[in-house]
Amino acid sequence: MKVDVVLPAAGSSERMNLPTAKQFLKVLGSHILAYTVDCFHRLSWVRHIVVVVGADQLEFTRELMASYGFNRVVVCSGSHTRHRSIFCGLKALKSECSSSDVVIIHDAARPFVSEQVATAVAEAAMTHGAAGMT
């Protein structure tokens, strides 16, 4: 099964009223985004992880991903809405690989995804054509 991941991270976290978007905040010494990427990067069956950020965060995010040693990550620029940013991530994924059996889309500011949940979602998507979790 060819599984890839798109992580929308272009949000500005306006409701939190902080100068830094929550995905770029540090918790216990690491960025929230890094915790989220790591949840998928450690899964050998995930081929590519696309992180979608605001245009002003592209270079910072590329450097951040490299500093954590994430070698299967592609960083691309998003858009002004979440669904358009996801579309940007899917286009970046398409240019990175020919096809995917399953694409997991997960909010980059939600760092605690277990392997069991990721596996269950990927398998359900293969079986039923789509799957989700709340």
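Kindly check whether there is at least one residue in the stretch 100-109 that is over 16 Å from Val5 (Cα atoms) and of a type in the set (S, T, N, Q). No: zero hits. Within the option set Gly54, Gly69, being among the small types (Gly, Ala, Ser) and on the phi > 0 side of the Ramachandran plot holds for one residue only, Gly69.
Each reported figure results from applying straightforward, stated rules to the coordinates on display, with no laboratory input. No experiment lies behind these values; they were computed from the predicted model shown.
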